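Heads up, the thing below is written out as structure tokens.
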Amino acid sequence: MTTAPPRPTTLDPEALRGDFAILETRIGDSPLVYLDSAATSQKPRAVIDAEVSFLTSANSAVHRGAHTLAAEATELFEDARAAVAGFVHAAPEQLVWTSGATAGINLIAYAIGNATLGRGGEPARRFALAPGDGLVVTEAEHHANLIPWQELAARTGAVLRHIPVRDDGTIDLEAAASVIGARTRVVAFPHVSNVLGIVNPVAELVALARAAGAITVLDACQSAPHLPLDLPALDVDLAVFSGHKMLGPNAIGGLYGRADVLEALPPFLTGGSMITTVTLDGAEYLPPPQRFEAGTQPVSQAIGLAAAVRYLDAVGMDAVHAHETALERRLRDGLRSIPGIRLLGDADAERVALAAFDVDGVHAHDVGQFLDARGIAVRVGHHCAQPLHRRFGLTASVRASAALYTTDAEIDEFLDAVSGVRGYFGVGR
Ligand code: PMP
């Protein structure tokens, strides 16, 4: 019997940085300080190599053709599915490839719309919406987990409601208990908001949704790269995550679903590769995951994402989480101590290493330019979360976000620069 190697619990970011050549970049005279990983993460050499190696020696159409290369490509593609599914503790059939989280959420919303039109037969009736049924999101959504539900409501006559966020950035669970009601059919929410960084109370929200007979959709974009993620244990019905935020390539993401949910859900995109039999009048569909994978798939990207999760697993997600928790404290404590800084959602809660803030008297875009002139890359704007910014009385904020390769020294350099912003713009010390 073999025993699994112990999971690493600490990491040395300096040692990892050698795997990320881009981190050697200079911006003008300054070394790059990359604090925009929540927008997109950097990719280790192993991910780039995996894609290059596939394209160099195994590229072929998958699930088609009897030739050797096609068989090899199919095997690599399905191995990648197993690896990425395993990363979130799911079975391979529970992982549908998408082009990203936005595509995954749209897939779910359109599939529910199709069920509402009667597609998918008897098994899909559980998803069908009637006018006046409820769809529930939170006030802290990325637009990707808001607009598809607005559109679904507009197409079906369902009503979209939201759970408010408290001043400290936490989800108002008391309000959630009254917003989620007997007619609620879907509750969609972020595991971690891309603006607040707070880990939301998944178990409580799932319990409220279950009690109402609603399905749950988890946006795990900002948790998958930072925390050990066990989607079956979280007991959500459906979840999405995004490859490019978790060290993987662009244009690849995952849609996870409980087996019974995916089996009952009708397809969204239709065409080649998702069928068994086609006549001129109709078609029969493959079971999941292929039912949801019409057309030519992002094969090299899937293989790249598998290399990313293997890399994360080798570093150890417990170690990633521990390192980033320490970075988060350093970042938040530092920002709190700078006069004129207002943090959005400053609850003492479990978090990822991300902080969005307003600098009193200085526009976020000016702060971004000031930092960029010092080699520091942050995100400025509404971060695709306009309603949440409005909630905090802002149109824009500055967001710094770290990843496993971020060092204490980088956070300190960022804090030092931020403490000079108001003086530079003549609005404070
Ligand atoms: N949800 C959240 C919380 C995000 O941060 C993002 C990316 N900014 C998305 C959804 C959209 O993901 P993708 O880029 O994969 O479409």
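The values are calculated or read from the model by the stated rules, or taken from the named source; none is laboratory data. If you're wondering where the values come from, they're calculated on a predicted model, not measured in any experiment. Positions of Cβ are generated from backbone atoms using ideal geometry, with glycine treated the same way; all protein chains shown enter the neighbour counts.
Brief remarks on what is shown
- Among residues of segment 22-54, those that are under 24 Å from the mean Cα position of the chain (by Cα) and under 25 Å from residue 241 (Cβ atoms), counted: 20
- Among residues of segment 248-267 being over 12 Å from the mean Cα position of the chain (by Cα), part of a loop (DSSP other than H, G, I, E, B) and of a type in the set (A, V, I, L, M, F, W, C), the one that is farthest from the ligand (Cβ to nearest atom) is 265.
- Answer from 86, 65 - the residue that is surrounded by 14 or more Cβ atoms within 10 Å (Cβ to Cβ) and more than 16 Å from the ligand (Cβ to nearest atom): 86
- Checking 36, 133 one by one, the residue that is away from the ligand (no atom under 16 Å from the Cβ) and on the phi < 0 side of the Ramachandran plot is 133 and no other.
- The set of residues in segment 347-367 being of a type in the set (Val, Ile, Thr) and either outside any strand (DSSP E or B) or touching an Asp or Glu at 6+ places or on another chain (Cβ under 8 Å) (or both) consists of 352, 367.
- Residue that is nearest to the chain's Cα centre (by Cα), among those in segment 195-242 that are within 21 Å of residue 103 (Cα to Cα) and of a type in the set (D, E, K, R): 219
- Taking segment 208-247 as the range and being part of a helix (DSSP H, G or I) and not aliphatic (A, V, I, L, M) as the test, the residues that pass are 210, 232, 243, 244, 245.
- Residue among 277, 270, 325, 296 that is in a strand (DSSP E or B) and among the β-branched types (Val, Ile, Thr): 277
- Per-region count, segment 168-201, residues away from the ligand (no atom under 12 Å from the Cβ) and either farther than 30 Å from residue 336 by Cα or assigned to a loop (DSSP other than H, G, I, E, B) (or both): 16
- Being surrounded by fewer than 23 Cβ atoms within 10 Å (Cβ to Cβ), touching a Lys or Arg at 6+ places or on another chain (Cβ under 6 Å) and either without any contact (Cβ under 8 Å) to a residue 12 or more places away in the chain or not assigned by TED's automatic domain parsing to the domain that holds residue 223 (or both) is a property that residue 340 has.
- Boolean, residue 397 is polar (S, T, N, Q) and closer than 13 Å to residue 344 by Cβ: yes
- Of all positions in segment 105-128, at least one carries a residue that is buried (at least 19 other Cβ atoms within 10 Å of the Cβ), within 11 Å of the ligand (Cβ to nearest atom), closer than 28 Å to residue 82 by Cβ and not basic (Lys, Arg).
- If you go through segment 272-284 and pick out every residue that is loosely packed, with under 13 Cβ neighbours inside 10 Å and either touching a residue at least 12 places away in the same chain (Cβ under 8 Å) or within 14 Å of the ligand (Cβ to nearest atom) (or both), you end up with 1.
- Residues within segment 132-163 that are under 15 Å from residue 181 (Cα atoms) and not acidic (Asp, Glu), tallied: 12
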